[in-house]
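Below is one structure, written out as structure tokens, with a few remarks after it.
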Amino acid sequence: MRTKTGLTTNDQKFINSTCRSIAKFDKHGVSELALRQQIYMLGLFTFRQFYKAGFPSDYKNPSLNNLASVSR
């Protein structure tokens, strides 16, 4: 079920869980580069899920026009 934010309850649970994981990484001294990558991927996931666009085939091109990757 979609909520007012356009995300499902499972999407929101995933986002909250990932945020907690990233905070644990930071607490344990993970490199800044690794933290930035995790935060970028979380933002990319949230943005694309909001529009039900799936995950992009190339994560460096997050545009909604970028086709979703196909899982095999």
Enumerate the pairs (first residue in segment 11-36 and under 28 Å from Lys52 (Cβ atoms); second residue anywhere and part of a helix (DSSP H, G or I) and hydroxyl-bearing (Ser, Thr, Tyr)) with beta-carbon separation below 8 Å, excluding pairs fewer than 6 apart on the same chain, so at least 6 apart or on different chains.
Asp11/Thr46; Ile15/Thr46
Leading residue by the ranking (modelled with the highest pLDDT) among those in segment 1-57 that are in contact with a strand residue (DSSP E or B) (Cβ under 8 Å, 6 or more places away or on another chain), surrounded by 10 or more Cβ atoms within 10 Å (Cβ to Cβ) and not in a helix (DSSP H, G or I)
Thr8
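Identify the residue in segment 58-67 that is out of contact with any Lys or Arg (no Cβ under 8 Å at 6 or more places or on another chain) and not basic (Lys, Arg) and, among all such residues, is surrounded by the most Cβ atoms within 10 Å (Cβ to Cβ). Walk me through it before giving the result.
Let us first name the residues in segment 58-67 that are out of contact with any Lys or Arg (no Cβ under 8 Å at 6 or more places or on another chain), namely 58-61, 63, 65-67.
From what is left, the residues that are not basic (Lys, Arg) are 58-59, 61, 63, 65-67.
Numbers: Asp58: 10, Tyr59: 15, Asn61: 9, Ser63: 10, Asn65: 8, Asn66: 17, Leu67: 12.
It comes out as Asn66.
The values are calculated or read from the model by the stated rules, or taken from the named source; none is laboratory data. Every value quoted in this text rests on a predicted model; they were computed, and no experiment measured them. Reconstructed Cβ throughout: ideal geometry from the backbone, glycine too, with neighbour counts over all protein chains shown.
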